[in-house]
Amino acid sequence: MSSQWDVHKFGGTSLASADHYRGVTEILRAAEGGRKAIVVSAMAKVTDTLIELVELARTRDDGYRHRLALLKERHAQAAEALLVDRPLQDFLKVLESDCSDIGEVLRGVYLSRTCSERTLELITGHGELWSAQLLDAHLRAEGIGSSYLDARTILTVDPGENTVSVDWARSQAQTNQWLAGLTSEWVVVTGFVASTPDGIPTTLKRNGSDFSASIFGKLLGARSITIWTDVDGVLSADPRLVPDAIVTPVMLTTHEGMIIERRQMSVDASADSIFRAFTGLGGKRGWLYLNWTWRIRGALDRLCGGVGMRRGRRDADNVRVGEALDFWRVEAIEPGQLMRLRAEMKVPGKAWLQFEVRPQEADARPVLTQTAFFAPKGLFGLAYWYLLYPIHGMIFGGMIRELAARAMTLDAQRPLRA
């Protein structure tokens, strides 16, 4: 058995339906490495629904019973599409028992018109329990050696009002004990949930599943952490121009201290037009998406003593290695294929932004790859990345959309050959 772990985290939108579970399985099959710890969120919108159930019960709205029945049916339908025979019956039995327990707890909330934080966290953690058990059962049904891990059995935290403090020593000891009895190469782990020092179920607070991936990466001594999520704008082509564009995952990986966020699109344009699109970024043309945020970042950089955006670019359409491009420096150019920029703005670490286009075989569309690299300096560098990641994700997602659109526009403007 391989000794090194790779952690893969899948968000709720990556697990929205039975087809999504099948897609996750294919992604994992294709991923390199041996031992895989797969940390999962609840199915899309399930946590929100569980919170809504509590609020409906607290306000004496009988609709909570119907909403709970719909939630159970959604998971049952996904299971019926993925599993058969004994695995299906085992999952449905767990689901029925859990929903019965939740119904009884909600009845108490309904009668008392109040809900403690402890009760809320007990209920809202069930989405991850169901999602992890369903994926584990599906992997085993596909012939993959997998195990299920309820994170509450090994992850101990001291919960605060808005955050938690991990008891690393206790959690590591419990992890080591669990590892000693593990026989499978893959394990599916519940994100978001944990236990208090008294063994009471709790959560890592809102959006805590990504935190779970980082925690288990540390506990397992993982060599990499990859966060997969379907987000707005990460499409196989620009939806304004290609109606059948499909969503593809963003890869957020931590490898040997370097955080790497990679986005890809197949674009209905020539490789040359895609190259011209990304080498034309910056200067008066701007960065194509939410330019005002780039200007604000430049202004803040100047206030901190940095170069800001005032340098612009030497030429509107051509770049050379070593020259300035706004608050970047052109570090590498591969004609027709790649441009890599090194950040010269003030950041707590080192950062690069790389664009690459590779022609596909035969008549397939070229693939545009946009990659952000960040080597954080200390804890402040890590905090900087994760605090700003929602904003960066929106900006970079929009930028690759606009690059695809510009490349297709450039392609359309090319003169026809005689």
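Derivation of every value follows stated rules applied to the coordinates shown; laboratory data play no part. Keep in mind that this is a model prediction, so the values were computed, not measured. Quick reminder, even Gly has a Cβ in these numbers, built from the backbone with ideal geometry, and neighbours come from all protein chains shown.
Ranked by how many other Cβ atoms sit within 10 Å of their own Cβ, fewest first, the residues 106, 120 fall in the order 120, 106.
How do 85, 101, 6 line up, fewest other C-beta atoms within 10 Å first?
Working: 85 8, 101 13, 6 23.
Result, fewest neighbours first: 85, 101, 6.
Sequence-ordered 3J(HN,Hα) estimates for segment 258-269 from the Karplus curve with 6.51, -1.76 and 1.60 and θ = phi - 60° stand at 9, 8, 10, 10, 10, 10, 9, 9, 8, 10, 7, 7 Hz, glycine and proline given as x.
Could you state the per residue volume, in Å³, of the convex hull enclosing the Cα atoms of segment 103-221? Before the final figure, lay out the partial values.
Details: hull volume 13.6 nm³, N = 119.
It is 115 Å³ per residue.
Quick one: if you take sqrt(5λ) for each eigenvalue of the C-alpha gyration tensor of the chain, what semi-axes come out, biggest first, whole angstrom?
Each semi-axis is √(5λ); the values are 42, 24, 22 Å.
In terms of the mean number of neighbouring beta-carbon atoms within 10 Å, the peptides 174-184, 308-318, 143-153 order highest first as 143-153, 308-318, 174-184. Based on the Kirkwood approach, the hydrodynamic radius assigned to segment 266-418 is 16.3 Å, with every pair of different Cα atoms included. For segment 85-146, the mean projected area of the C-alpha convex hull, equal to one quarter of the hull surface, is 4.6 nm². Treating the angle as unsigned and between 0 and 90°, give the value, to the nearest 10°, between the Cα long axis of helix 18-30 and the longest Cα principal axis of the chain. So the inclination is approximately 60 degrees. Amide H to amide H distances under 5 Å link residue 349 with 377, where only residues 5 or more positions off or on other chains count and H is placed in the peptide plane. In a reduced charge model with +1 at each Lys and Arg Cβ and -1 at each Asp and Glu Cβ, the chain shows a dipole moment near 1640 debye about its Cα centre.
Past 19 Å, Cα to Cα, is the threshold; run 9/72; 72/93; 9/36; 9/93; 9/218 against it and keep the listed order. Long pairs (Cα-Cα over 19 Å): 9/72; 9/93. Extents of segment 49-90, taken as max minus min of Cα coordinates on every principal axis and listed largest first, are 40, 12, 12 Å.
Aspartates and glutamates within cross-link reach of residue 284: Cα-Cα under 15 Å, excluding same-chain residues under 8 positions apart? Candidates past the 8-residue exclusion: 315, 317, 326. When the chain is described by a simple charge dipole with +1 on each Lys and Arg Cβ and -1 on each Asp and Glu Cβ, the residue from 119, 209, 143 located farthest towards its positive end is 209.
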